[in-house]
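All remarks here apply to the structure that follows.
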Amino acid sequence: MMFRATVLTLYPEMFPGALGVSLAGRAMERGDWALEAVQIRDFATDKHRTVDDSPAGGGAGMVMRADIIARAIDHASPDGDQRPRILMSPRGKPLTQERVRELAAGPGAVILCGRFEGVDQRVIDARELEEISIGDFILSGGEPAALVLLDAVVRLLPGVMGNEVSGEEESFEGGLLEHPHYTRPQAFEGHAIPEVLTSGNHGKIAKWRRSEAEKLTQARRPDLWAGRVEKKR
């Protein structure tokens, strides 16, 4: 099963962007996954290809119209398409590694990139869009967020990473941040590689890495650590 991503956007030229190089780009060339960028303006009906209008109730900015977005979604995701429909939105649920793994195990995704003040709520409800956020900050549009989501997903597809084990020890896998890494030279500006890592004792190395990961998580992401503690109860 090939992972197929369809991105609905006002700026299709932003894709594949960074996804066209490195691991993701090579995987796309091999046919491990596919990406299509669809221009939302193609579904407008006026000569100016207008996709937005003034917000009901007044206020600043513009809102993406429900009817035009619905036509774009129905074109990209007709009846029978099992791919989840996602709206990149700052008010969405935070993207987690768990959700990334779920998406990577599926057939793909249809991703709507919002612009302006947002998208008419009626089409979000009618087309059952899953709102996802990549962080507590505002972007100029959903395109950079869609690239982030797809990068996180594609690297987990079978065969994309050269060493599958490397993905098992990364941050957020197992609910911890990743332990520190070291490589040559043995000494750098008066600092040596921790002795345990050059001991050859794999049991001690694993224990050290686990301990360091726990320390980092407690210090930098107390929310993640609290979640781990809660799950153990």
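A cut-off of 5 Å between modelled amide H atoms, ignoring neighbours fewer than 5 places along the same chain, links Arg65 with Asp52, Asp53. For region 1-69, GluC sites (Glu not before Pro) are listed when DSSP marks them as loop and at most 15 other Cβ atoms sit within 10 Å of their Cβ; the list is empty. Each residue of region 180-187 was assigned a 3J(HN,Hα) from its phi angle through the Karplus expression (A = 6.51, B = -1.76, C = 1.60, θ = phi - 60°), giving x, 10, 9, 8, 4, x, 4, 10 Hz with x at Gly and Pro. The packing ranking, built from the mean of other Cβ atoms within 10 Å per residue, places the peptides 137-144, 55-62 in the order 137-144, 55-62, highest first. Rolling a 1.4 angstrom probe over region 76-205 with all protein chains present gives an accessible area of which 52% lies on carbon and sulfur atoms.
Which whole-number value in Å² is the accessible area per residue of the chain, probe 1.4 Å? Show your work: numbers first, answer last.
Values: 13720 Å² over 233 residues.
Computed with neighbouring chains in place, this is 59 Å² per residue.
Close amide H pairs (under 5 Å, H built 1.01 Å from N) link Phe3 with Ala34, residues at least 5 positions away or on another chain. The calculated 222 nm mean residue ellipticity attributable to helices in the chain amounts to -10000 deg cm²/dmol, summing -39500 (n - 2.57) over DSSP H runs of n ≥ 4 and dividing by all residues. Among the listed pairs Lys207/Lys231; Lys93/Lys207; Lys93/Lys231, those whose Cα-Cα separation exceeds 30 Å are Lys93/Lys207.
Need one word for region 1-124: rounded, prolate or oblate. Basis is the Cα gyration tensor (sqrt eigenvalues a ≥ b ≥ c); a/c below 1.5 gives rounded, then a/b vs b/c decides. Prolate is the answer for region 1-124, as a/c is 1.5 or above and a/b outweighs b/c. Between Ser54 and Lys93, the FRET efficiency from the beta-carbon distance, with R0 = 41 Å, is close to 0.90. Computed 3J(HN,Hα) for region 46-60, one whole-Hz value per residue from the Karplus formula 6.51 cos²θ - 1.76 cosθ + 1.60 where θ = phi - 60°, is 9, 5, 8, 6, 6, 10, 9, 7, 5, x, 4, x, x, x, 7, glycine and proline marked x. Using R₀ = 30 Å, calculate the FRET efficiency as 1/(1 + (r/R₀)^6) where r is the Cβ-Cβ separation of Ala206 and Ala105; round to 0.05. Using R0 = 30 Å, I get an efficiency of 0.65.
In this structure, His75 and Glu173 have a Cβ-Cβ separation that, at R0 = 30 Å, corresponds to a calculated FRET efficiency of about 0.25. One decimal place: the segment Thr45-Thr198 gains 48.4 nm when fully extended, by the rule 0.36 nm per residue minus the C-alpha distance. For Leu177, the residues 5 or more places off, or on other chains, whose built amide H falls under 5 Å of its own are Phe172, Thr217. Placing a label point 7 Å from the Cα of Ala34 along the Cα-to-Cβ direction, the residues of region 82-117 whose backbone N falls under 17 Å of that point are 82-84, 106-111. Once a ≥ b ≥ c are taken as the square roots of the eigenvalues of the Cα gyration tensor of region 76-148, is the result rounded (a/c under 1.5), prolate (a/b larger than b/c) or oblate (a/b not larger than b/c)? Because a/c hits 1.5 or more and a/b fails to exceed b/c, region 76-148 counts as oblate. Taken one residue at a time, the phi angles of region 195-203 give Karplus couplings (6.51, -1.76, 1.60, θ = phi - 60°) of 4, 4, 6, 10, 7, x, 8, 5, x Hz. Gly and Pro are set to x.
The values are calculated or read from the model by the stated rules, or taken from the named source; none is laboratory data. Since the structure is predicted, the reported quantities are computational estimates derived from the model, not experimental observations. Note that each Cβ is placed from the backbone with ideal geometry, even for glycine, and that neighbours are counted across all protein chains shown. Surface accessibility is based on the protein's heavy atoms, side chains included, excluding ligands, DNA and RNA. Shrake-Rupley method; radii C 1.70, N 1.55, O 1.52, S 1.80 Å.
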